[in-house]
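> Take a look at the following structure, please.
The values are calculated or read from the model by the stated rules, or taken from the named source; none is laboratory data. Here the structure is a predicted model, which means the values were calculated and not measured. Cβ sites come from the backbone with ideal geometry, for glycine too, and all protein chains shown count toward neighbours.
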Amino acid sequence: MARRSFLAIILAAGEGTRMRSATPKVMHKVAGDPMLGHVIRAARGAGADRMAVVVGPGAGAVEAFVGRAAPEASVHVQAERLGTAHAVLAAKKAFAPEPDDVIVLYGDSPLMTAETLKALRRMLTKADLVVLGFTPADPAGYGRLLMDGRQLTAIREVKDATPEERAVRLCNAGVMAFRGSLLPMLRKIGNTNAKGEYYLTDLVELANRASKTVAVLEADPDEVAGVNDRAELAAAEASFQRGARAKAMADGATLIAPETVFFSFDTRIGRDVTVEPNVFFGTGVTIADGVTVKGFSHLEGATIGANAIVGPFSRLRPGAAIGEGAHVGNFVEIKNAGLDAGAKANHLAYIGDAHVGAGANIGAGVITCNYDGVFKHHTEIGAGAFIGTNSALIAPVTIGDGAYVGTGSVISQDVPAGDLAIARARQVNKPGYGAKLMAAKRAMKKGG
């Protein structure tokens, strides 16, 4: 069968005043990505070869995000908010050439999956129009799906529904798929309803009058949930996390206390990984097989090689690359730095803008002094090097393979391979002066 062209129209023009925010509603994040980004990925995953995003006036932040997340998508402005059909028609330039399949999505429904959208498209091989429905625990406020056998005859908005229609439990999720040949019907939709708007839902009745087949696909209520306020945003986050945790465990990872682990939308986690309680994965984290992430660690923009150990209380910032079998311990922060295989930084260290060679050891209290107030500088630590406790490496500097930096050193010059570097002032002892100094301070305190 020939590949069918697929246009996804994503409506992202809602004001979201209930969010009480200067940020456009669809730009609020779930699992580290704007809600609109989740919907774009679902459409792309379902095979959309064309995307049109409808925004409201002055939505520069949304347009900029679409440019980054979906440069292939066209952006269209709905100058007046006159209903969902009016919003779809704002994207009329995207209708040509006429697509085989059209799906209308909402930018504030971040849990929509590509699998559900694929199922809608499959139904379009037999139906002309398919509406996504669900059965909520409380249907109040939702439009009802009115059926005649398997044929959907109408969608009735609550304000326009009779008491008998409001008794129907099957509700409209908002998502609608239809054949491209139905696009001209959009212009026939009127606004003779309680709100005086042009409802996309009226397309169902128009299709029935034209003897088209109109069907319903029922979805999980959690998947189709829209977000209109902060409480619903939190509920969407919780639902995403439940699914992400379940998938991680199904794929072979051990989460000791799943409810305390938080993933981002793009977290990649291998098999036989163990994640201890209270771990947060920010965006851009990839974890290979056999890794252990100990409790209270925070990771973002990092890659971790096989069988490495991270934590507890570790922070990996963007650009951290932890090699196979490497160790990053408690209260260690790594930023834009790589630790090669078997390297260790077990406690109380900061490694920034650096490269640590295989098998090197970073002692407690070691810092790379990478920032001079204007520029960042690089530190190179060779394979098998040993950096003694409480040392400061003033970048740019290179520590050669197998070199040894003595405890408490401040290193401002390169250390050749195999050399010992000691850079600290000679100790001077003043006999009896310590007791005299303390006595003087106590007298000052007593007198003050």
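> Which one is farthest from G406 (Cα to Cα), of the residues in the range 426-441 that are within 59 Å of the chain's Cα centre (by Cα) and of a type in the set (K, R)?
So, considering only residues that are within 59 Å of the chain's Cα centre (by Cα) and of a type in the set (K, R), the one farthest from G406 (Cα to Cα) is K441.
> In this structure, is D353 at pLDDT below 95, more than 24 Å from A253 (Cα to Cα) and surrounded by fewer than 24 Cβ atoms within 10 Å (Cβ to Cβ)?
When the stated conditions are applied, D353 does not pass them.
> If you don't mind, another one. Regarding the range 396-415, can at least one residue be identified that is closer than 20 Å to I334 by Cα, out of contact with any strand residue (DSSP E or B) (no Cβ under 6 Å at 6 or more places or on another chain) and assigned by TED's automatic domain parsing to the domain that holds G342?
yes
> Just one of V39, V62, V55, V77 is surrounded by fewer than 21 Cβ atoms within 10 Å (Cβ to Cβ), within 21 Å of T17 (Cα to Cα), at pLDDT 95 or above and assigned by TED's automatic domain parsing to the domain that holds L186; which is it?
None of the other options fit; the residue is V77.
> Within the range 270-287, track down each residue that is out of contact with any His (no Cβ under 9 Å at 6 or more places or on another chain) and either buried (at least 20 other Cβ atoms within 10 Å of the Cβ) or of a type outside the set (G, A, S) (or both). Please lay out each step first, then the result.
Residues of the range 270-287 that are out of contact with any His (no Cβ under 9 Å at 6 or more places or on another chain), as a first pass: 270-278, 283-287.
Hits for the range 270-287 are R271, D272, V273, T274, V275, E276, P277, N278, T283, V285, T286, I287.
> Answer with yes or no whether G329 is among the small types (G, A, S), on the phi > 0 side of the Ramachandran plot and in contact with a Ser or Thr (Cβ under 9 Å, 6 or more places away or on another chain).
Judged against the criteria, G329 is not a match.
> Can you give me the number of residues within the range 333-344 that are surrounded by 19 or more Cβ atoms within 10 Å (Cβ to Cβ) and either within 16 Å of C369 (Cβ to Cβ) or in contact (Cβ under 8 Å) with a residue 24 or more places away in the chain (or both)?
5
> Could you list, in sequence order, the residues of the range 215-252 that are in contact (Cβ under 8 Å) with a residue 24 or more places away in the chain and over 20 Å from the mean Cα position of the chain (by Cα)?
Those that are in contact (Cβ under 8 Å) with a residue 24 or more places away in the chain and over 20 Å from the mean Cα position of the chain (by Cα): A215, V216, L217, E218, A219, D220, P221.
> Could you name every one of the strands (runs of 3 or more DSSP E) located completely within the range 98-150 that has at least 1 residues being of a type in the set (G, A, S)?
129-134
> Here's a follow-up. If you scan the range 414-448, which residues turn out to be in a loop (DSSP other than H, G, I, E, B) and either surrounded by 10 or more Cβ atoms within 10 Å (Cβ to Cβ) or in contact (Cβ under 8 Å) with a residue 40 or more places away in the chain (or both)?
Of everything in the range 414-448, those that are in a loop (DSSP other than H, G, I, E, B) and either surrounded by 10 or more Cβ atoms within 10 Å (Cβ to Cβ) or in contact (Cβ under 8 Å) with a residue 40 or more places away in the chain (or both) turn out to be D414, P416, A417, G418, D419, I422, A423, R424.
> What are the residue pairs meeting all of these: first residue in the range 70-87, first residue within 13 Å of A12 (Cα to Cα), second residue part of a loop (DSSP other than H, G, I, E, B) and of a type in the set (D, E), Cβ atoms under 6 Å, and 6 or more apart or on different chains?
From the range 70-87, the pairs are G83/E197.
> Would you point out which residue out of T267, T303 is closer than 18 Å to A250 by Cα, of a type in the set (S, T, N, Q), crowded, with 18+ Cβ neighbours inside 10 Å and free of Cβ contacts under 8 Å to residues at least 24 places away in the same chain?
Among T267, T303, only T267 is closer than 18 Å to A250 by Cα, of a type in the set (S, T, N, Q), crowded, with 18+ Cβ neighbours inside 10 Å and free of Cβ contacts under 8 Å to residues at least 24 places away in the same chain.
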